[in-house]
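Colleague: This is the structure, below, for whatever I ask next.
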Amino acid sequence: MSRFSTSETPLAGVAVVERRRIGDSRGFLSRLFCATELRAAGWTRPVAQINHTLTRKRGTVRGMHFQTAPHAEMKLVTCLRGAVWDVAVDLRAGSATLLRWYGTELSADNGRALLIPEGCAHGFQTFTDDCELLYCHSAPYVGEREGLVNAVDPRIGIDWPLPIAERSERDRDAAHLPSEYSGIRL
């Protein structure tokens, strides 16, 4: 019996993962990751790193981050506390959906995750104070291979649901994409 169901999104390889919770009056059990079961959704590599973030303030935007080859990474993003608007942007050269974005709500209550393939940038906006996210990464972080896309770049046009309350200096200073941007090669 599968503990996951997945829904495709308009961006190839980006999938919403629904977890089946098994519970009773004591609470529930939810499987966060299973390589065998998530293979059908597109997770094809081992987990190389797991990160946990806390974002204190409602309306904060983090992102849009990605890594380039040979350290491009898949991510499986889960909200453990609070709620966020989680966004993936297709940056893959040659993709039919280059520079399109997809967003969905992840929350501790809905137990969903977003699976983000290599070549997509990721970011989120907090709907509540004190949001905690858990990330499974298919590649370790390599600073020299990190890329940033400005979360308010008009070429992408992400529709952030709340006024942006806070961003890091690094994210605010991220360059906007040039008009001739053709994507990243994997």
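Colleague: Answer with one residue from Gly157, Trp85, Pro46: the one whose Cα lies farthest towards the positive end of the charge dipole of the chain, charges on Cβ with Lys, Arg +1 and Asp, Glu -1.
Modeller: Highest projection toward the positive end goes to Pro46.
Colleague: For the chain, modelled as a GNM with alpha-carbon contacts under 10 angstrom, which of Phe28, Phe124, Phe66 fluctuates the most?
Modeller: Phe28
Colleague: Using the Cα centre as the reference, give the magnitude of the dipole from point charges on the C-beta atoms of segment 36-186 (Lys, Arg: +1; Asp, Glu: -1; all else neutral), rounded to the nearest 20 debye. Mind showing how you got there, number by number?
Modeller: Working: 17 positive and 19 negative charges, 36 e Å.
Here the size comes out at about 180 debye.
Colleague: Right, something else. Given Cβ point charges of +1 (Lys, Arg) and -1 (Asp, Glu) and nothing else, what value in debye, to the nearest 20, does the dipole of segment 1-99 about its Cα centre take?
Modeller: In total the dipole reaches around 460 debye.
Colleague: Between the alpha-carbon centers of segment 1-51 and segment 122-186, tell me the distance in whole angstrom.
Modeller: About 23 Å separates the Cα centre of segment 1-51 from the one of segment 122-186.
Colleague: What's the extension gain from Gln49 to Glu132 if we count 0.36 nm per residue and subtract their Cα-Cα distance? Write out the running numbers ahead of the final one.
Modeller: On the way: separation 83, 0.36 × 83 = 29.88 nm, distance 1.67 nm.
That pair, Gln49 and Glu132, stretches by 28.2 nm at full extension.
Colleague: Moving to a separate point now. At a Förster radius of 25 Å, what calculated FRET efficiency corresponds to the Cβ-Cβ distance of Tyr141 and Ile22, to the nearest 0.05? Working shown, then result.
Modeller: Details: r = 33 Å, r/R0 = 1.32.
In this case the efficiency is close to 0.15.
Colleague: Between Arg170 and Ala35, what is the spin-label point distance in nm, taking each point 7 Å from the Cα along the Cα→C-beta axis?
Modeller: 2.8
Colleague: Right, next: Can you figure out the FRET efficiency of Leu80 with Ser182, using R₀ = 45 Å and their beta-carbon distance, to the nearest 0.05?
Modeller: On the way: r = 37 Å, r/R0 = 0.82.
Given R0 = 45 Å and the Cβ-Cβ separation, E is 0.75.
Each reported figure results from applying straightforward, stated rules to the coordinates on display, with no laboratory input. Here the structure is a predicted model, which is why all the values come from computation and not from measurement. Positions of Cβ are backbone-derived with ideal geometry, glycine not excepted, and every protein chain shown enters the neighbour counts.
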